[in-house]
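**Student:** Pasting a structure here, questions to come.
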């Protein structure tokens with residue numbers, strides 16, 4: 001069946017940008033450095049005829065991809081202080097299952113049976129090159145019609161959380177595809193409509209970690225050789241020197257995903273809201289700062305602390321969002 005294409009009429013609703021607390025310049029910075037990436041959403045959401053023609057996400061009672069995309073874009077716009085304003089310019093609802101690297105493709109029957117038995121086809125990985133070719137993604141990027149691709153799907157569709165394609169592609173938490181013929185690199189985000197906006201933000205968080213590690217020449221957890229390493233310090237690896245932590249570790253986390261820890265630790269997290277104007281001031285913080293264990297709340301808190309100021313410090317941009325989203329201009333063409 002032919003995919004149903006929806007165009008700019010389904011643009012993601014904008015949310016009001018508020019400057020980060022303690023940083024009065026955020027609004028003016030957003031006007032100067034606004035990124036407005038054009039997004040194509042490729043939603044693999046098959047129509048299941050045996051279930052009355054419902055889409056797979058409806059049959060399984062999972063989340064509406066349209067609402068997920070809107071919530072994700074709105075969170076990024078607010079967290080970035082208006083620096084990043086994603087615009088969905090094309091939406092494809094694909095009535096099909098993606099092709100795996102060995103050529104395997106689910107049918108409605110085989111997918112629902114696997115969902116029931118929890119026995120899944122291996123290898124699980126999707127064939128990105130087949131996807132890129134079928135939907136002419138590289139050509140759309142090269143023509144300037146789109147800048148980024150968001151791929152939605154169900155569990156075991158085989159996506160990376162994020163990967164990059166095109167000449168100069170680098171690791172953003174998924175195998176890069178530098179052999180894809182495209183003059184500009186582009187990110188392909190892999191989203192699961194079984195999950196929520198919080199998990200989508202986690203995907204972007206790992207993309208951010210990979211990108212900033214490249215920008216700063218590496219990342220050794222617990223070290224403070226550069227501002228990226230200092231930003232990601234947490235108490236377990238740097239007692240008494242906690243800052244904002246990383247995507248999996250809040251400032252006081254004792255283990256992976258321990259975002260609900262009520263132990264108070266000293267942290268310089270507030271300093272990063274005024275970066276690069278920092279004082280080293282510390283205060284006691286616990287999980288009440290970042291949502292008490294809620295995935296989405298923690299990731300929003302973390303992203304709001306990501307530097308977004310004008311200018312440079314030691315040769316690096318003070319607005320790290322420009323690296324994470326505007327990599328063609330700010331990393332590959334520096």
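Where a number appears in this text, it was derived from the coordinates with a stated rule and is not lab data. Since we're looking at a predicted model, the values are computed, not measured. When we count neighbours, we look across all protein chains shown, and the Cβ atoms used for this are built from the backbone with ideal geometry, even at glycine.
**Student:** Sticking with the crude label model, points 7 Å out along Cα→Cβ, report the distance from residue 67 to residue 329 in nm, one decimal please.
**Tutor:** 3.5
**Student:** For residue 175 and residue 277, calculate 0.36 nm times their separation in residues minus their Cα-Cα distance, and state this gained length in nm to one decimal. Write out the running numbers ahead of the final one.
**Tutor:** Details: separation 102, 0.36 × 102 = 36.72 nm, distance 3.64 nm.
That pair, residue 175 and residue 277, stretches by 33.1 nm at full extension.
**Student:** Moving on to the next point. Do me a favour and compute the ellipsoid semi-axes for the chain from its Cα gyration tensor, root of five times each eigenvalue, largest one first, whole Å.
**Tutor:** 35, 23, 18
**Student:** Tell me the mean residue ellipticity at 222 nm calculated for the chain from its helices only (DSSP H runs of n ≥ 4, each -39500 (n - 2.57), averaged over every residue, nearest 500). Mind showing how you got there, number by number?
**Tutor:** Values: 11 runs with 94 residues, N = 334.
Calculated mean residue ellipticity at 222 nm is -8000 deg cm²/dmol.
**Student:** A further question on this structure: Equivalent ellipsoid semi-axes for segment 165-278, as square roots of 5 times the alpha carbon gyration tensor eigenvalues: give them largest first, rounded to whole Å. Could the numbers behind the result be given before it?
**Tutor:** Numbers: eigenvalues 170, 67, 26 Å².
In descending order, the three semi-axes are 29, 18, 11 Å.
**Student:** Helix 65-79 versus the longest principal axis of the chain: what angle, 0 to 90°, nearest 10, using Cα atoms?
**Tutor:** 20
**Student:** Assuming 0.36 nm per residue, please report the length gained on full extension of the stretch residue 294 to residue 120 beyond their Cα-Cα distance.
**Tutor:** Details: separation 174, 0.36 × 174 = 62.64 nm, distance 2.93 nm.
Length gained between residue 294 and residue 120: 59.7 nm.
**Student:** Rg/Rh for segment 217-330 to two decimals, with Rh computed the Kirkwood way over all alpha-carbon pairs.
**Tutor:** Numbers: Rg = 13.7 Å, Rh = 14.3 Å.
Here the Rg-to-Rh quotient is 0.96.
**Student:** Relative contact order, percent, of the chain when contacts are C-alpha pairs under 8 Å separated by at least 6 residues?
**Tutor:** Values: 684 pairs, mean separation 51.1, N = 334.
Computed over the chain, the figure is 15 percent.
**Student:** Take the Cβ-Cβ distance between residue 36 and residue 266 as r, set R0 to 45 Å, and report the resulting FRET efficiency rounded to the nearest 0.05.
**Tutor:** Details: r = 39 Å, r/R0 = 0.87.
FRET efficiency, residue 36 to residue 266: 0.70.
**Student:** Can you give me the P(r) profile for segment 79-222? Cα pairs, bins 10 angstrom wide beginning at 0, each as a whole percent.
**Tutor:** 10, 37, 36, 14, 2
**Student:** With an 8 Å cut-off on Cα pairs and a minimum separation of 6 or more residues, tell me the relative contact order of segment 230-277 in percent. Walk me through the numbers on the way to the answer.
**Tutor:** Working: 84 pairs, mean separation 15.1, N = 48.
With pairs under 8 Å counted, the relative contact order is 31 percent.
**Student:** Another question, if that's okay. Multiply the residue gap between residue 139 and residue 87 by 0.36 nm, knock off their C-alpha separation, and tell me the result in nm, one decimal place.
**Tutor:** Numbers: separation 52, 0.36 × 52 = 18.72 nm, distance 1.86 nm.
Taking 0.36 nm per residue and subtracting the Cα distance, the gain is 16.9 nm.
**Student:** With the crude spin-label approximation of a point 7 Å out along Cα→Cβ, what separation in nm comes out for residue 314 versus residue 183?
**Tutor:** Each label point is offset 7 Å from its Cα along the Cβ direction, giving 3.6 nm.
**Student:** Can you give me the angle between helix 108-117 and the longest principal axis of the chain, using Cα atoms only, in degrees from 0 to 90, rounded to the nearest 10?
**Tutor:** Between the helix axis and the principal axis of the chain, the angle is about 50 degrees.
**Student:** What angle, in degrees between 0 and 90 and rounded to the nearest 10, separates the Cα long axis of helix 295-305 from the longest principal axis of the Cα atoms of the chain?
**Tutor:** 50
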